[in-house]
Structure formats: structure tokens, C-alpha cells
Amino acid sequence: MTERTVTAQSMPPAQLAHQLRDAITRLNRRVRQARPVGDLTVTQLSALTSIRLGGALTPRELADLERVQPPTMTKIVAKLEERGLVQRTPHPTDGRQVILAVTEGGQTVLDQFERVRDEWLARRLAELSDADRETLHHAAEILQRLSRA
């Protein structure tokens with residue numbers, strides 16, 4: 001009895017979607033574990049990253065992005081502000097609101113996290129063959145296109 005090789009062409013899209021999602025989730029989890037020493041929680045890091053990527057956000061908008069309740073986000077933002085990682089400024093049109101922004105210190109922390117994660121991933125990629133790295137290069141381009149769709 002011969003074993004049939006499964007190729008991308010013969011794999012149903014739903015099966016490929018499951019395989020790809022599982023691989024991305026596992027890699028993302030492992031990359032997130034590579035972090036500099038510090039007491040910033042995953043939730044705080046996620047909120048800080050969202051503020052940087054989202055630009056001018058209100059706490060409510062940040063809570064919606066992070067899929068948490070506003071009171072939970074209030075606590076997270078308070079911790080980040082206490083550490084000097086975010087700052088609040090008055091909303092330009094709504095005096096009841098504030099706008100959150102990443103401080104220079106917050107940017108430094110994010111840069112450190114990214115550097116440590118990139119270094120971990122670069123070490124792992126260096127263990128792969130040239131052919132595997134080339135495949136991943138093409139896969140990264142495809143994933144970028146998928147993420148814009």
C-alpha cells in the first residue's frame with residue numbers, strides 16, 4: 001500500500017485554512033513568549049501596540065480594538081500611564097474624552113520587545129535550509145496580501 005502525498009493542489013481549501021491557521025497560531029504564541037525581562041503583561045503589551053498602530057485612540061476605541069470592557073481597559077491604561085508608557089491628551093472636539101498616545105518610553109519598550117522577538121525568530125530561521133527560507137519568504141508575501149484583503 002502506497003502513501004499518498006498531500007499537496008496544496010489536492011488539499012481542500014478548508015483543510016489548508018485549518019492547517020495554516022494552526023501553524024500561524026502556534027508560531028505567534030511562540031514568538032510572543034520571546035520577551036525581554038520585565039513586568040509588562042501580555043494584555044498591557046497588546047494595548048500599547050494597538051495604541052501605536054491605531055494612532056489617536058480614545059480609551060473606548062482601544063477597548064473595542066482589544067475586545068475588552070471599558071472598565072478593564074481603564075485599569076490597563078492606568079497601569080501603562082503610571083509607568084510612563086502612554087499619555088492622555090484632551091480630545092480635540094469632545095471635552096469628555098481623552099486621546100491616548102504612546103510616549104517615547106512606551107516606544108522604547110515596544111522596540112525592545114520587537115528586537116527580542118525578531119532575534120529569536122532570526123535564530124530559528126538561520127537553522128533552516130536556503131530552500132525553506134526562500135519558501136517562507138514567498139509565504140510571507142502571500143500572507144501580507146491575505147491580510148490586506
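The values are calculated or read from the model by the stated rules, or taken from the named source; none is laboratory data. Quick caveat: nothing in here was measured; it's all calculated off a predicted structure. Cβ coordinates were reconstructed from backbone atoms using ideal geometry, including for glycine residues, and neighbour counts include every protein chain displayed.
Assorted remarks:
- When the residues of the range 3-27 are filtered to those that are loosely packed, with under 10 Cβ neighbours inside 10 Å and within 17 Å of LEU146 (Cα to Cα), the one that is modelled with the highest pLDDT is ALA14.
- Among the residues of the range 43-50, not a single one is over 27 Å from ALA17 (Cα atoms) and free of Cβ contacts under 8 Å to residues at least 24 places away in the same chain.
- Members of the range 41-62 found to be more than 15 Å from the chain's Cα centre (by Cα) and either of a type in the set (A, V, I, L, M) or part of a loop (DSSP other than H, G, I, E, B) (or both), listed by number: GLY55, ALA56, LEU57, THR58
- Checking ARG32 against (1) under 23 Å from LEU143 (Cα atoms); (2) touching a residue at least 40 places away in the same chain (Cβ under 8 Å); (3) under 12 Å from the mean Cα position of the chain (by Cα); (4) surrounded by 14 or more Cβ atoms within 10 Å (Cβ to Cβ), the condition it does not meet: (4)
- Residue match in the range 93-107 (condition: under 18 Å from ASP39 (Cα atoms), under 17 Å from the mean Cα position of the chain (by Cα), in a helix (DSSP H, G or I) and β-branched (Val, Ile, Thr)): no
- Restricting the range 75-93 to residues that are more than 27 Å from VAL31 (Cα to Cα) and touching a residue at least 12 places away in the same chain (Cβ under 8 Å), the residue that is surrounded by the fewest Cβ atoms within 10 Å (Cβ to Cβ) is THR89.
- Evaluated against (1) part of a helix (DSSP H, G or I); (2) farther than 23 Å from LEU45 by Cβ; (3) out of contact with any helix residue (DSSP H, G or I) (no Cβ under 7 Å at 6 or more places or on another chain); (4) modelled with pLDDT of 95 or more, LEU128 falls short on exactly one condition, (1).
- Only a single criterion out of (1) touching a Lys or Arg at 6+ places or on another chain (Cβ under 8 Å); (2) within 21 Å of ARG115 (Cα to Cα); (3) surrounded by 15 or more Cβ atoms within 10 Å (Cβ to Cβ) is not satisfied by VAL42, namely (3).
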